[in-house]
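The values are calculated or read from the model by the stated rules, or taken from the named source; none is laboratory data. All of these numbers come straight from a predicted model, not from anything done at the bench. Glycine gets a Cβ as well: all are built from the backbone with ideal geometry, and neighbour counts include every protein chain shown.
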């Protein structure tokens, strides 16, 4: 008797969701972590977000798939929904009314002043460091190995440069705080 | 709480998704038990998202989409145009409009069975970039299954 066929999902449109998830899956989780979701919740919500998008796309409900933005927005919506439900469940309705009206998970994480400080810190970087930062954060779909290859530098050099960039930006933001 | 906390490099590798699956699993397990590391991970994630915001503000288009438009939006008009051209110019006695033929692709989604090992199954599937579905929500024949042998999960 032949072994049963693996029961895998099929997308009729030809869009490679597995590639998309491999390229952007971590970014979605990180976006949720950055908004205060614990890891287990971030991973669950990210999975749910991808599953929703896949189902919607299979049903013909997505004309355009822009990533990672679409997946991040879907996941943030789910987080917002979960936080609202959680707030209701604790029956702190009076306090929640104030909190939920101001709840906007898609808001920017940086204030205008922080953004200016971070931009100034980046402007002080060496041209090469700026190039690395611009390339890596301008191509979120690329893994570091590929980015380093395209920039013709070693992976270690790329990570060291990003480490220095993060240190500078973090210091600038802490000054602002 | 764990006595030994994750290093900044380990936290950053988790944010980057640059660890190998075994390390990823170790970090993930640790963060779930260690509130200090969970907070540090949240901070690292926040900085990462802030950097994307900075890059976007500087016009580096970090959120530039890898955009996929449904093939029908482009291919159907092209197919119609080609068919009309063929029908009117090359073979004026018939007009044939063909829908574009679309290719299929597999999604690596798996069912993690209910039970005490379900969370572990989900974590391992996540580490491999797989979509997870749960028995209660799985529907239709479209989802693969996960099985456990000893402490190792395998995914169809």
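Here are some notes:
- Qualifying residue in region B:56-78 (condition: within 11 Å of chain A (Cβ to nearest Cβ), at pLDDT 90 or above, over 23 Å from residue A:19 (Cβ atoms) and crowded, with 18+ Cβ neighbours inside 10 Å): no
- Against the test of being in a helix (DSSP H, G or I), facing another protein chain (nearest Cβ under 10 Å) and modelled with pLDDT of 95 or more, the options A:46, A:23 yield a single qualifying residue, A:46.
- Hits in region A:142-160 - residues which are surrounded by 15 or more Cβ atoms within 10 Å (Cβ to Cβ) and outside any loop (DSSP other than H, G, I, E, B): A:144, A:147, A:148, A:151, A:155, A:158, A:159
- Residue match in region B:13-28 (condition: facing chain A (nearest Cβ under 9 Å) and not in a helix (DSSP H, G or I)): yes
- Qualifying residues in region A:52-95 (those that are in a loop (DSSP other than H, G, I, E, B) and closer than 18 Å to residue A:21 by Cβ) - the one modelled with the lowest pLDDT: A:62
- Scanning region A:96-115 for residues that are at pLDDT 50 or above and either in a loop (DSSP other than H, G, I, E, B) or facing chain B (nearest Cβ under 9 Å) (or both) turns up A:104, A:105, A:106, A:107, A:108, A:109, A:110, A:111, A:114, A:115.
- Boolean, residue A:131 is surrounded by fewer than 16 Cβ atoms within 10 Å (Cβ to Cβ), over 19 Å from residue A:30 (Cα atoms) and modelled with pLDDT of 90 or more: yes
- Within region B:29-47, the residues that satisfy the criterion of being under 19 Å from residue A:44 (Cα atoms) and within 7 Å of chain A (Cβ to nearest Cβ) are B:31, B:32, B:38, B:41, B:42, B:45, B:46.
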